[in-house]
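Here's the structure we're looking at; comments come further down.
The values are calculated or read from the model by the stated rules, or taken from the named source; none is laboratory data. Please read these numbers as outputs of a predicted model, since none were measured by experiment. As a convention, Cβ positions derive from the backbone with ideal geometry for all residues, glycine included, and neighbour counts pool all protein chains shown. Only protein heavy atoms, including side chains, enter the accessible area calculation; ligands, DNA and RNA are left aside. Shrake-Rupley method; radii C 1.70, N 1.55, O 1.52, S 1.80 Å.
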Amino acid sequence: MPLNRRTFLGASAAAGAGVAIAGGSAAPAAADGHGHGHGHGRPPKRYSFTVMGTTDLHGNVFNWDYFTDKEFDDKAHNDVGLAKISTLVDQVRREKGRRNTLLIDAGDTIQGTQLSYYYAKVDPITARRGPVHPMAQAMNAIGYDAAALGNHEFNYGIPVLRKFEEQCDFPLLGANALDAKSLRPAFAPYVIKRMRTPHGRDVKVAILGLTNPGIAIWDKANVGGKMVFPGLEEQAAKFVPRLRSMGADVVIVSAHSGSSGTSSYGDQLPYVENAAGLVAEQVPGIDAILVGHAHQEIPEYFVENKRTGKKVVLSEPLKWGQRLTLFDFDLVWEKGRWVVEKAGSRVLNSNTVEEDPKITGLLADEHEKVVAYVNQVIGTSTAAMTTAEAAWKDEPIIDLINVVQAETVKAALAGGEYAALPVLSQASCFSRTAQIPAGDVTIKDAAGLYPFENTLEARLLTGAQLRDYLEFSARYYVQTPVGAPVDTAKLTNADNTPDYNYDAVSGLTYEIDIAKPNGSRIVNLAFEGKPVDPAAQFVLAVNNYRASGGGNFPHVAGAKQLWANSEEIRNTIIAWVQAKGSVDGAQFASVDWRLTREGTPVF
């Protein structure tokens, strides 16, 4: 039963829709012989149950990569998608008894694949008589009990999120997503589930949902003035005691927030981005936290609560449905209530099972529609372009990203205070296998150039700051003395810097002297043929990951934001190719930077 959009979920009967009763008999619990003060020599009453968790599904239902138009694969041979998760969930339910399990998610559900994009933008779920979102269909069929809101839930605007919420048979939880005016939760903060035990005493399990404060920055265009997102710790401190006073025997937090205690947005917000560990440490009364957002695999991690000394178990299953977390709880009946005696967690790998035909069959039509959509021809290219050498040469295919970004920002700033400033653009070689073929260009060709969900911003930087930025980026290259052979297989990724954390900046010209040490590699930095004035102002078209501190590049996170939007850059590239009809590198490609040693080009 869908939740009313303003339902403030309370306990049991008072909560109305959304509080399911997980009833039925359970497997008899084994006695372990501990007396626990029960007297009469009778073994204590025991009950065990399991909470399964996913996170950062990012629109993945099928084990399919819509950008390559083939089955998903990576170096570790991971598989993705809810169809695989469904098979794992069925196995766990068979083993434990369905009534002794719950299934929750920690957010970032409706964005990330062309499947989820299609139903937000191309055939939107918000249309009158619009379709049901594939993620809602799949999660309803699998039988989720609750899901926390992720930051990417807000990417397509609040109306799309509200429609998705309406289509789900389970509540979307966000105790720290507040209405900007009333400061009351804009979504259900929590849900309480009842587990029926063989002892005639139900276990009340509270699930508290927390989302990421960074939404206020990353999706300002969609949430500004409408919602505010206070810190996870302060909201957990409000709700956990309330849940305990309402009789919750077990409190589980589903948090769309990593465990590291760090933030990628510098000091732009007073709240920590990756706060799950801090919540465990600072807020008494929590038994387990399902962690999301960081795209890391954490099978089991214990954090000691500073006030009670009690250990809280945290687990983060790998993104896109690659893993399923299992939290196992052993309870004992003590002094008239259920007490958690033991809690632990582990993860299951979805590459060990086949896709559930129930899920693939349910969404076969949607999948076929989207496959046809990504193979749609949107234009032509005069020549083939590839990223094969883009990690060490200024290639036209990266110039394509930069020209689209720079033109988009120029158009956005036109007529305003900053319209006269030069617009530069940063881009990375995200994939060394991306290509635009000669001849027909499809949506998947254009989208494959930008596999991440980044959006575009404009930041104000000085010439001096840009030099620092480029110096930081140039750390990517291994120092190679004059005369030494240059092996491209060993030239890049110095200090384990990933390709996506090396930026090429267009609109300036410069050389990177790889014979020099870090910090003094940028040579002949010029704008329009003249040395860059350290005090001159420039606009940098930059992705939101970089602008919010991702990669830890200097100056950009603290720089004045002149403009931002919530359209994914890859979809801006698709629209640009569609509008032009033809991609001609001769019109936009230019060699703005090159690797040198003492003035001699390396390539």
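Key figures for this structure:
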{"item": "Near pairs, Cβ below 7 angstrom, 6+ apart or cross-chain, from region 339-356 (among the hydrophobic types (A, V, I, L, M, F, W, C)) to any residue that is assigned to a helix (DSSP H, G or I)", "result": "LEU348/LEU88; VAL353/LYS84; VAL353/THR87; VAL353/LEU88"}
{"item": "Verdict on LYS530 being free of Cβ contacts under 8 Å to residues at least 12 places away in the same chain, closer than 19 Å to GLY463 by Cα and open to solvent by 20 Å² or more (accessible area, probe 1.4 Å)", "result": "yes"}
{"item": "SER86 vs. criteria open to solvent by less than 30 Å² (accessible area, probe 1.4 Å), within 18 Å of ASP356 (Cβ to Cβ) and out of contact with any Cys (no Cβ under 9 Å at 6 or more places or on another chain)", "result": "yes"}
{"item": "Inter-residue pairs, beta-carbon under 8 Å, first without any contact (Cβ under 8 Å) to a residue 12 or more places away in the chain and in region 200-221, second open to solvent by 10 Å² or more (accessible area, probe 1.4 Å), 6+ apart", "result": "ASP202/ARG194; ASP202/ARG196"}
{"item": "Hey, GLY112 outside any helix (DSSP H, G or I) and in contact (Cβ under 8 Å) with a residue 60 or more places away in the chain or not", "result": "yes"}
{"item": "Selection from region 374-395 of residues that are open to solvent by 20 Å² or more (accessible area, probe 1.4 Å), polar (S, T, N, Q) and touching a residue at least 60 places away in the same chain (Cβ under 8 Å)", "result": "ASN375, GLN376, THR380, THR382"}
{"item": "Pairs where the first residue, in region 500-524, is farther than 19 Å from ALA390 by Cβ and the second is open to solvent by 40 Å² or more (accessible area, probe 1.4 Å) and of a type in the set (Val, Ile, Thr), C-beta under 7 Å, 6+ apart", "result": "ALA515/VAL482"}
{"item": "Residue within region 306-327 that is open to solvent by 10 Å² or more (accessible area, probe 1.4 Å), in a strand (DSSP E or B) and more than 30 Å from HIS199 (Cα to Cα) present", "result": "yes"}
{"item": "Set ASP513, ASP533: member being in contact with a Gly (Cβ under 6 Å, 6 or more places away or on another chain) and under 22 Å from PHE472 (Cβ atoms)", "result": "ASP533"}
{"item": "VAL486 vs. criteria touching a residue at least 24 places away in the same chain (Cβ under 8 Å), open to solvent by 50 Å² or more (accessible area, probe 1.4 Å) and over 25 Å from THR572 (Cβ atoms)", "result": "no"}
{"item": "Cβ pairs under 9 Å, 6+ apart, first in region 424-439 and within 18 Å of PHE67 (Cα to Cα), second of a type in the set (Lys, Arg)", "result": "SER428/ARG546"}
{"item": "Residue ID - nearest to LEU269 (Cα to Cα), chosen from residues in region 566-583 that are open to solvent by 40 Å² or more (accessible area, probe 1.4 Å) and not small (Gly, Ala, Ser)", "result": "GLU567"}
{"item": "Single residue of ARG42, ARG93 found to be open to solvent by 10 Å² or more (accessible area, probe 1.4 Å), at pLDDT 80 or above, more than 23 Å from THR211 (Cα to Cα) and in a helix (DSSP H, G or I)", "result": "ARG93"}
{"item": "Pairs where the first residue, in region 222-244, is more than 18 Å from ALA188 (Cβ to Cβ) and the second is open to solvent by less than 60 Å² (accessible area, probe 1.4 Å) and hydroxyl-bearing (Ser, Thr, Tyr), C-beta under 9 Å, 6+ apart", "result": "ASN222/TYR156; ASN222/SER566"}
{"item": "So ALA236, is it part of a helix (DSSP H, G or I), open to solvent by less than 10 Å² (accessible area, probe 1.4 Å) and either in contact with an Asp or Glu (Cβ under 6 Å, 6 or more places away or on another chain) or closer than 17 Å to VAL272 by Cβ (or both)", "result": "yes"}
{"item": "Filter result (touching a Lys or Arg at 6+ places or on another chain (Cβ under 9 Å), of a type in the set (Asp, Glu) and over 20 Å from GLU153 (Cα atoms)) within region 47-74", "result": "ASP69"}
{"item": "Count of region 546-565 residues which are of a type in the set (Phe, Trp, Tyr) and surrounded by 19 or more Cβ atoms within 10 Å (Cβ to Cβ)", "result": "1"}
{"item": "When residues of region 250-301 are limited to those that are among the acidic types (Asp, Glu) and outside any strand (DSSP E or B), the one farthest from VAL340 (Cα to Cα)", "result": "ASP267"}
{"item": "Among residues of region 308-348, those that are hydroxyl-bearing (Ser, Thr, Tyr) and over 30 Å from GLY81 (Cβ atoms), counted", "result": "1"}
{"item": "Output for region 115-137, where each listed residue is buried (at least 24 other Cβ atoms within 10 Å of the Cβ) and either among the acidic types (Asp, Glu) or closer than 23 Å to ILE443 by Cβ (or both)", "result": "LEU115, SER116, TYR117, TYR119, HIS133, PRO134, MET135"}
{"item": "Boolean, VAL371 is in contact (Cβ under 8 Å) with a residue 12 or more places away in the chain and crowded, with 19+ Cβ neighbours inside 10 Å", "result": "no"}
{"item": "Residues located in region 397-431, provided they are assigned to a loop (DSSP other than H, G, I, E, B), out of contact with any strand residue (DSSP E or B) (no Cβ under 7 Å at 6 or more places or on another chain) and buried (at least 17 other Cβ atoms within 10 Å of the Cβ)", "result": "SER428, CYS429, PHE430, SER431"}
{"item": "Positions within region 530-561 being of a type in the set (Ser, Thr, Tyr) and assigned to a loop (DSSP other than H, G, I, E, B), in sequence order", "result": "SER548"}
{"item": "Output for region 432-457, where each listed residue is of a type in the set (D, E, K, R), open to solvent by 10 Å² or more (accessible area, probe 1.4 Å) and touching a strand residue (DSSP E or B) at 6+ places or on another chain (Cβ under 6 Å)", "result": "ASP440, ASP445, GLU453"}
{"item": "Residues (open to solvent by less than 10 Å² (accessible area, probe 1.4 Å), among the hydrophobic types (A, V, I, L, M, F, W, C) and not in a loop (DSSP other than H, G, I, E, B)) located in region 161-200", "result": "LEU161, PHE164, LEU172, LEU173, ALA188, VAL191, ILE192, MET195"}
{"item": "SER48 modelled with pLDDT of 95 or more, within 20 Å of HIS367 (Cβ to Cβ), in contact with a helix residue (DSSP H, G or I) (Cβ under 9 Å, 6 or more places away or on another chain) and outside any loop (DSSP other than H, G, I, E, B)", "result": "no"}
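Residues checked against (1) under 28 Å from ALA438 (Cα atoms); (2) at pLDDT 90 or above:
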site: LYS530; (1), (2): no, yes
site: PRO534; (1), (2): no, yes
site: VAL539; (1), (2): no, yes
site: ARG546; (1), (2): no, yes
site: PHE553; (1), (2): no, yes
site: GLU568; (1), (2): yes, no
site: ALA575; (1), (2): yes, yes
site: ASP584; (1), (2): yes, yes
site: GLU598; (1), (2): no, yes
